[in-house]
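Asker: Below is a structure I'd like to ask you about.
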Amino acid sequence: MFRLRDLFRGAPHNDAAVEEDVWTWIESDLPFFDFVPAELRPRLRQIATGILRSKEFHGAQGLEVTDRMMLSIALQASLLVLRLGEASYRGWVGIVIYPGDFVIPRSIMDEDGVVHEYDEPVLGEAWEGGPVLLSWFPPETRPDALNVVLHEFAHKLDMANGGADGFPLLPPDMDRTAWSESFAYAYADFCQRVDSGEHTAIDPYACESPAEFFAVLSETFFLMPLRLRAEYPQVYALLAELYGIDTAEGEAAVVARRWRMDHGA
């Protein structure tokens, strides 16, 4: 029987590998992987293996970290660095997994200089130079239309060139001005839509800051790419360039395939 610890035991760095049927099992828990072309999956699995080797997984609140959890998190994180490479996650090692949502103590000083302390319930958090904190939900109870792994690892990419500001470290051939202008326009437009009371398919939490906008739209790029491409095509194109994958075309192919099956074509 497969054990993830065997990946690191008694074998040179490049010899041990996760079997293909194990990766297929993990992908079956992630419906949005249907949008990923088959020819890209070996590369994603290679990156995920590198993440498993370089990061330390810890369970919080008594949670036992399983192979399934580690493989799933690493595979999802690999999507964000298909083009950039695993080295984009260097500089930190810890991934802490909680059994569901959790609370983080906060403090804030008001305009009178009074410090207020409170507990904030969260699903995840990424710390600059520190660990990624993630909640874990089995596939059958996982919240719809959001993905904490994609969200928090997007924050880590954003932090690679300093604090989270919605402007990650771009490859040399990407246009920084186009990124800045396209995201600024989309952020202002989306915030106006939310403020006007519109019910948006994209999580309104994206309005919290440019950093959250980038993280939420990174989630949307993988979970609802056709929606993102329809609403903000320039942002979609930039994310496709950054992440090295056209998820909207993948979703369109899935939709067409399901239509043919439903209509006996």
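Asker: Say each of F137 and A237 gets a label point 7 Å from the Cα, pointing the same way as Cα to Cβ; how far apart are those two points in nm?
Answerer: Those two pseudo-labels are separated by 3.4 nm.
Asker: Something else about it: Taking 7 Å along the Cα-to-C-beta vector as the label spot, tell me the E64-E198 distance in nanometres, rounded to one decimal.
Answerer: So the label points at E64 and E198 sit 4.8 nm apart.
Asker: Compute the relative contact order of the chain as a whole-number percentage, counting only Cα pairs closer than 8 Å that sit 6 or more residues apart in sequence.
Answerer: On the way: 338 pairs, mean separation 44.6, N = 265.
Normalised by residue count, the contact order of the chain is 17 percent.
Asker: Hull surface divided by four, with the convex hull built on the Cα atoms of the chain: how many nm²? Display every interim value, and only then the final one.
Answerer: Numbers: hull surface 70.6 nm².
Quarter of the Cα hull surface area: 17.7 nm².
Asker: While we're looking at this one, here's another question. Taking the number of other C-beta atoms within 10 Å as the exposure measure, put H151, H263 in order starting with the fewest. Each step should come with its number before you reach the end.
Answerer: On the way: H151 22, H263 7.
In increasing order of surrounding Cβ atoms, one gets H263, H151.
Asker: Now a separate question. Suppose R0 equals 25 Å. What FRET efficiency, 1/(1 + (r/R0)^6) with r the Cβ-Cβ distance, do D189 and D144 give to the nearest 0.05? Kindly include the intermediate steps, with their values, before the conclusion.
Answerer: Working: r = 24 Å, r/R0 = 0.98.
Efficiency computed from Cβ-Cβ geometry: 0.55.
Asker: Which of I108, I47 has the fewest other C-beta atoms within 10 Å, and how do the rest follow up to the most? The partial results should precede the final answer.
Answerer: On the way: I108 9, I47 23.
Listing I108, I47 from fewest to most nearby Cβ atoms yields I108, I47.
Asker: Taking the number of other C-beta atoms within 10 Å as the exposure measure, put K156, K55 in order starting with the fewest. Mind dumping the intermediate values first?
Answerer: Working: K156 23, K55 19.
Fewest to most other Cβ atoms nearby, the residues stand as K55, K156.
Asker: I'd like the Karplus ³J(HN,Hα) series for the stretch 240-253: coefficients 6.51, -1.76, 1.60, θ = phi - 60°, whole numbers in Hz, and an x wherever there's a Gly or Pro.
Answerer: With coefficients 6.51, -1.76 and 1.60, one gets 4, 5, 5, 8, x, 7, 9, 5, 5, 5, x, 5, 4, 5 Hz.
Asker: Another question, then. For the ranges 178-185, 194-201, what's the packing order if you count other beta-carbon atoms within 10 Å of each residue, average per peptide, and put the highest first? Working shown, then result.
Answerer: Values: 178-185: 15.8, 194-201: 10.1.
Ranked by mean Cβ neighbours within 10 Å, highest first: 178-185, 194-201.
Asker: For the stretch 4-262, give the share of DSSP beta bridges that are antiparallel, in percent and rounded to the nearest 5; count only bridges with both residues there.
Answerer: On the way: 11 of 19 bridges.
Taking every DSSP beta bridge within the stretch 4-262, about 60 percent pair in antiparallel fashion.
Asker: If you plug each phi of the stretch 185-195 into the Karplus form 6.51 cos²θ - 1.76 cosθ + 1.60 with θ = phi - 60°, what whole-Hz ³J(HN,Hα) values come out, in order, with x for Gly and Pro?
Answerer: 5, 5, 5, 4, 5, 5, 4, 5, 5, 5, 4
Asker: Ok, one more. Could you pull out every residue, at least 5 positions away or on a different chain, whose amide H is within less than 5 Å of the one on L80? Hs are placed 1.01 Å off N in the peptide plane, and Pro or chain starts have none.
Answerer: Under 5 Å from the amide H of L80 lies no amide H from a residue far enough along the sequence or on another chain.
Laboratory data are not the source of any read-out in this text; all were calculated from the coordinates shown. Remember, it's a predicted structure, so these values are computed and weren't measured experimentally. As a convention, Cβ positions derive from the backbone with ideal geometry for all residues, glycine included, and neighbour counts pool all protein chains shown.
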